[in-house]
Amino acid sequence: MADPRFFERAGPLTLADLARIAEAEIGVGGAPGMLYRDVASLAAAGPEEVTFLDNRLYAPDLAGSRAGACILHPDLASRAPTGMAVLLTATPYRAYAAVAQAFHPLPKRASGIHAAASIDPSAMIGSGVLVEAGAVIGERAEIGEGSTIHANAVVGAGVVLGAGCVIGAGATLSHCILEAQVTIYPGARIGQDGFGFATDAGRHVKVPQLGRVLIGEGTEVGANTCIDRGSAGDTVIGPGCMIDNLVQIGHNVRLGRGCVIVAQAGISGSTRLDDYVVVGGQVGFAGHLHVGAGAKIAAQSGVHRDIVAGQTVGGYPAIPIVEWRRQVAMLKQMARKKGG
Amino acid sequence: MADPRFFERAGPLTLADLARIAEAEIGVGGAPGMLYRDVASLAAAGPEEVTFLDNRLYAPDLAGSRAGACILHPDLASRAPTGMAVLLTATPYRAYAAVAQAFHPLPKRASGIHAAASIDPSAMIGSGVLVEAGAVIGERAEIGEGSTIHANAVVGAGVVLGAGCVIGAGATLSHCILEAQVTIYPGARIGQDGFGFATDAGRHVKVPQLGRVLIGEGTEVGANTCIDRGSAGDTVIGPGCMIDNLVQIGHNVRLGRGCVIVAQAGISGSTRLDDYVVVGGQVGFAGHLHVGAGAKIAAQSGVHRDIVAGQTVGGYPAIPIVEWRRQVAMLKQMARKKGG
Amino acid sequence: MADPRFFERAGPLTLADLARIAEAEIGVGGAPGMLYRDVASLAAAGPEEVTFLDNRLYAPDLAGSRAGACILHPDLASRAPTGMAVLLTATPYRAYAAVAQAFHPLPKRASGIHAAASIDPSAMIGSGVLVEAGAVIGERAEIGEGSTIHANAVVGAGVVLGAGCVIGAGATLSHCILEAQVTIYPGARIGQDGFGFATDAGRHVKVPQLGRVLIGEGTEVGANTCIDRGSAGDTVIGPGCMIDNLVQIGHNVRLGRGCVIVAQAGISGSTRLDDYVVVGGQVGFAGHLHVGAGAKIAAQSGVHRDIVAGQTVGGYPAIPIVEWRRQVAMLKQMARKKGG
């Protein structure tokens, strides 16, 4: 059960409610009027709680679960123990998200400006905005309606936030324009100078960084992630992207719609990722590359060349994933033979 | 000598004092009444200073050192130059820690709330707590006695800190419960949403993250490190862990007691490390893995499979370290032959 | 054109002005009196704007550019389309930096202490210093003349900043001394305890970290980068270094003059880099190594041994780059043969 110190809870909800919210079907034997109080993990859920099974790795744990109900794929329905109601859907994780949200609606948010926030008189603050203690909003910044600026965040001069943006505690923004519903996690750094300098007779001379960072609607930027602004053009992050923690995005990088960038990946300057590219954790990209739509890069890979749309690559340097797997297997076999 | 701008100094201390503090034996020729004023590195120490030798890589530097005394292993005693007193112990680094602490006791800490801190009236602040300027403490947060909240740190609503915790400057905490004596370094991010979303028809839908972060007694979390809260259960960090800077720890990860995680490592969601696992710098783990107690992972490895207790692995993907070393040597030899 | 929300603009400037500023020669057909209004990228520049071509990868784009003038190497002059003025120089990127700076002089900076900054009465603040809202300056800290402390940054007790330093928003400094003109980007962490502990009977005992961080003139430290202070001696960063975002620098590391460290690299404790070493992104170093002047380390390499001056290495573990490339090619060929 979610800790009430941190999470509000609605409910209870009937199995019929849950089926509707989850867009799922009640499996054989489920009682539509049965009441449930919360969601919980497969291992922790009790008889009054709803769980889900998405990763088939955990299917063997189903038999031992005490959950009152489980959202899962119809294929796995027969593996639920007696007495566990099942909600059947082809997309159990998506369905669970909806159910969890129903039990834990976002708390009714206060709005207003904390007395210990510092807001430049020239800034424009939309209606229903919440600014917490210690937040600093600079000259001519514009904060869209219903946005939240958490404690000790800094929104620099001229920065523009669309409606419903959330800026995490301690995050800092400069030289950037965010569309609506963008979420910036704590400690993220957006819009600082990129790593651009010219070396002249052993001296590194900084090149003025005259671009911006543009972030599309609904994108999330993880904790302590850094996105440098463009040098002459802009750094552009498309709408609906999910960017994890501690990611580095260099100047002039362009991400399409819906890209997923896992933690600690680094994308060097001027590299372009088309729509729905998926980048694993700790991947590194050289600069000035092009990655086609839907390409997937395995964790820790080092990408030194363009990648065509839809391709999956891995390794250091990155090559088509089947080739890389073949190399790994071959090496293993050879070393064993030699060692033997 | 430690810079008095930054460090207070006690002393002087006699060789006999030092032996007692270090739980070491005075070697042949050492004068128990001889006075020493500070600790210093092997290279920098002068006749009134105490140094130590732990890493045998530096043993050849012993002869040229001007240190008045040196803490070292009995095996190396004979390599100390004439006139250098020696303190003999099987654990010289541990002994040095005690001696350094004796010369530099932690300054008598002030307590009190700075006028420029923002503390919600519903927060509970223990006795002897120090809250520096710009720190923000949210609703219903509980700060254990003798804790320090450094400048511009943020302790979110409902967060609980045990006695003697230290929250570094600019760090941010939410949805977490810390036991006693936990140290969070500057800029660390604890308790934000994990990277959990369901993808539905090309749209990434956020899955509510309803867990917490629990951190055990005496654990340290490095600068700018991120620990996401659990999705349904909790993210759990055991007692006595040492976590370095810029580490990423995903939702639902569980670390046992005394784990060591070196800088820039990344542990993906739901992976479990048992007690005393040692993870090298920049190591990456896939999610949903299990690593047995006492396992060691070489720096930069990529871990894709479970690791049994006590095993040492390396490489990308990680394999038993002797196998990996054999592969590296074999490749080198083959490429040389071919190239030749 | 640079967005006037964020950047001030001077000008217009004549081609003759630009040639003088860029230390370049006007190519055949250029009209010295022609006026230009701004800089822009090769792709975006229009007839009243100046662009540059440095990376020869983009030479084919020259023909389609609408830029009024282009700074480039004399070798490429003939590839400029008719009507585009050319400014010829052997160092086009350096020349562009000067021209961009001429169009966008740094705004006349205000000075003064924001009412919402917290400055200890014992701190010494030089003339012309700007301290933004929420910044915190500790006891006995010294801020050199003309320095800027951005919003919510923390300068700890005793810290010394030379003239003209810039401390980014949300950055935190302790136990460090910065020479003149040092720039610390947002969220960087300087001077916290290093990762030093002695393990005794399963317990990790912290070793007091009694050194400092010293940073040389003109060095830049990227966003969310961490530099730990020395344990007994100091951590020393030479003058004129360029350190990118999310870099980890351990205790007692020493960097010479003009080193370049790309994003997410990690340098373990006590490793020394001589002058002008270039470290690629995500590179990792073991501790206690020595890297000679001018060495270059390819991105993502793992350095386990000393590197001699001038050498270029790559791979995991890192070896001379030609050897590494040979291994990569050999593996590829072998796996294809086997797979085929």
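The values are calculated or read from the model by the stated rules, or taken from the named source; none is laboratory data. Here the structure is a predicted model, which is why all the values come from computation and not from measurement. Please note: Cβ atoms are built from the backbone with ideal geometry, for glycine as well, and neighbour counts cover all protein chains shown. Protein only, heavy atoms only, side chains kept; ligands, DNA and RNA dropped before computing areas. Shrake-Rupley method; radii C 1.70, N 1.55, O 1.52, S 1.80 Å.
Taken together, the residues in segment A:184-221 that are surrounded by 24 or more Cβ atoms within 10 Å (Cβ to Cβ), assigned to a strand (DSSP E or B) and not basic (Lys, Arg) amount to 5. Checked across segment A:9-20, the condition of being within 17 Å of B:ASP234 (Cα to Cα), over 26 Å from the mean Cα position of the chain (by Cα) and surrounded by 15 or more Cβ atoms within 10 Å (Cβ to Cβ) holds for no residue. Of all residues in segment B:222-234, at least one satisfies being acidic (Asp, Glu), under 16 Å from B:HIS175 (Cβ atoms) and surrounded by 24 or more Cβ atoms within 10 Å (Cβ to Cβ). Against the list (1) modelled with pLDDT of 95 or more; (2) within 13 Å of chain C (Cβ to nearest Cβ), the condition B:PHE285 fails is (2). Each residue in segment C:25-57 was checked for being open to solvent by less than 70 Å² (accessible area, probe 1.4 Å), in a loop (DSSP other than H, G, I, E, B) and among the hydrophobic types (A, V, I, L, M, F, W, C), and 6 pass.
Restricting the search to segment A:318-340, which residues are surrounded by fewer than 22 Cβ atoms within 10 Å (Cβ to Cβ) and in a loop (DSSP other than H, G, I, E, B)? Of everything in segment A:318-340, just one residue is surrounded by fewer than 22 Cβ atoms within 10 Å (Cβ to Cβ) and in a loop (DSSP other than H, G, I, E, B), namely A:GLY340. Residues of segment C:288-302 that are open to solvent by 10 Å² or more (accessible area, probe 1.4 Å) and within 14 Å of chain A (Cβ to nearest Cβ): C:ALA293, C:GLY294, C:LYS296, C:ALA298, C:ALA299, C:GLN300.
For the subset of segment C:303-317 comprising residues that are outside any loop (DSSP other than H, G, I, E, B) and more than 10 Å from chain A (Cβ to nearest Cβ), which member is nearest to C:ASP228 (Cα to Cα)? Across segment C:303-317, the extreme among qualifying residues is C:VAL303. All but one of (1) away from every other protein chain (no Cβ under 14 Å); (2) open to solvent by less than 40 Å² (accessible area, probe 1.4 Å); (3) touching a helix residue (DSSP H, G or I) at 6+ places or on another chain (Cβ under 9 Å); (4) among the small types (Gly, Ala, Ser) hold for A:ALA80; which doesn't? That leaves (3) as the condition not met.
Taking the listed residues A:GLY240, A:GLY269, the one that is assigned by TED's automatic domain parsing to the domain that holds A:THR219, under 19 Å from B:PHE195 (Cβ atoms) and open to solvent by 10 Å² or more (accessible area, probe 1.4 Å) is A:GLY240, with no other qualifying.
If the requirement is being touching a Cys at 6+ places or on another chain (Cβ under 6 Å) and open to solvent by less than 30 Å² (accessible area, probe 1.4 Å), which of these qualifies: C:VAL99, C:VAL136, C:VAL86, C:VAL131? Full working, then the answer.
Values: C:VAL99 fails: touching a Cys at 6+ places or on another chain (Cβ under 6 Å); C:VAL136 fails: touching a Cys at 6+ places or on another chain (Cβ under 6 Å); C:VAL131 fails: touching a Cys at 6+ places or on another chain (Cβ under 6 Å).
Selected residue: C:VAL86, the only one of C:VAL99, C:VAL136, C:VAL86, C:VAL131 that is touching a Cys at 6+ places or on another chain (Cβ under 6 Å) and open to solvent by less than 30 Å² (accessible area, probe 1.4 Å).
Residues in segment A:160-180 that are within 11 Å of another protein chain (Cβ to nearest Cβ), out of contact with any Phe, Trp or Tyr (no Cβ under 9 Å at 6 or more places or on another chain) and on the phi > 0 side of the Ramachandran plot: A:GLY170 only.
Take the residues of segment C:159-177 that are crowded, with 24+ Cβ neighbours inside 10 Å and in contact (Cβ under 8 Å) with a residue 40 or more places away in the chain: which is nearest to A:SER118 (Cα to Cα)? Before the answer, list the steps.
Within segment C:159-177, the subset crowded, with 24+ Cβ neighbours inside 10 Å is C:159, C:161, C:165, C:167-176.
From what's left, in contact (Cβ under 8 Å) with a residue 40 or more places away in the chain: C:168, C:174-176.
Working: C:GLY168: 17, C:SER174: 25, C:HIS175: 28, C:CYS176: 28 Å.
Among those residues, the one meeting the criterion is C:GLY168.
Out of B:SER78, B:SER111, I need the residue that is in contact (Cβ under 8 Å) with a residue 12 or more places away in the chain and of a type outside the set (Asp, Glu). Which one? Steps first, answer last, please.
Numbers: B:SER78 fails: in contact (Cβ under 8 Å) with a residue 12 or more places away in the chain.
So the residue among B:SER78, B:SER111 that is in contact (Cβ under 8 Å) with a residue 12 or more places away in the chain and of a type outside the set (Asp, Glu) is B:SER111.
The residues on offer are C:GLY202, C:GLY126, C:GLY144, C:GLY164, and the sole one that is over 29 Å from A:LEU246 (Cβ atoms) and at pLDDT below 95 is C:GLY202.
If you take the residues of segment B:243-258 that are buried (at least 24 other Cβ atoms within 10 Å of the Cβ) and within 12 Å of chain C (Cβ to nearest Cβ), which of them is nearest to B:GLY194 (Cα to Cα)? Quick ask: steps written out before the conclusion?
To start, the set of residues in segment B:243-258 that are buried (at least 24 other Cβ atoms within 10 Å of the Cβ) comprises B:243-253, B:255.
Adding the requirement that they be within 12 Å of chain C (Cβ to nearest Cβ) leaves B:243-248.
Details: B:ILE243: 19, B:ASP244: 20, B:ASN245: 19, B:LEU246: 16, B:VAL247: 14, B:GLN248: 11 Å.
Applying the filter and picking the extreme gives B:GLN248.
Restricting segment A:165-219 to residues that are under 15 Å from the mean Cα position of the chain (by Cα) and of a type in the set (Ser, Thr, Tyr), the residue that is nearest to C:GLY281 (Cα to Cα) is A:TYR185.
Total residues in segment B:274-284 satisfying the condition of being open to solvent by less than 30 Å² (accessible area, probe 1.4 Å) and more than 21 Å from B:ALA223 (Cβ to Cβ): the figure is 1.
Test A:ALA116 against the criterion of being among the small types (Gly, Ala, Ser), assigned to a loop (DSSP other than H, G, I, E, B), surrounded by fewer than 23 Cβ atoms within 10 Å (Cβ to Cβ) and assigned by TED's automatic domain parsing to the domain that holds A:ARG37, and give yes or no. Answer is no for this residue. Residues of segment C:62-102 that are assigned to a loop (DSSP other than H, G, I, E, B) and of a type in the set (A, V, I, L, M): C:ALA63, C:ALA67, C:ALA80, C:MET84, C:ALA90.
For the condition within 10 Å of chain B (Cβ to nearest Cβ) and more than 18 Å from B:VAL182 (Cα to Cα), C:ARG189 qualifies.
Do we have any residue at all in segment A:148-158 that's under 21 Å from A:SER122 (Cα atoms), of a type outside the set (Val, Ile, Thr), more than 9 Å from every other protein chain (Cβ to nearest Cβ) and open to solvent by 10 Å² or more (accessible area, probe 1.4 Å)?
Going residue by residue through segment A:148-158, those that are under 21 Å from A:SER122 (Cα atoms) are A:148-158.
Right, trim to of a type outside the set (Val, Ile, Thr) and you get A:150-153, A:156-158.
If we keep only those that are more than 9 Å from every other protein chain (Cβ to nearest Cβ) too, we end up with none.
Within segment A:148-158, not a single residue is under 21 Å from A:SER122 (Cα atoms), of a type outside the set (Val, Ile, Thr), more than 9 Å from every other protein chain (Cβ to nearest Cβ) and open to solvent by 10 Å² or more (accessible area, probe 1.4 Å).
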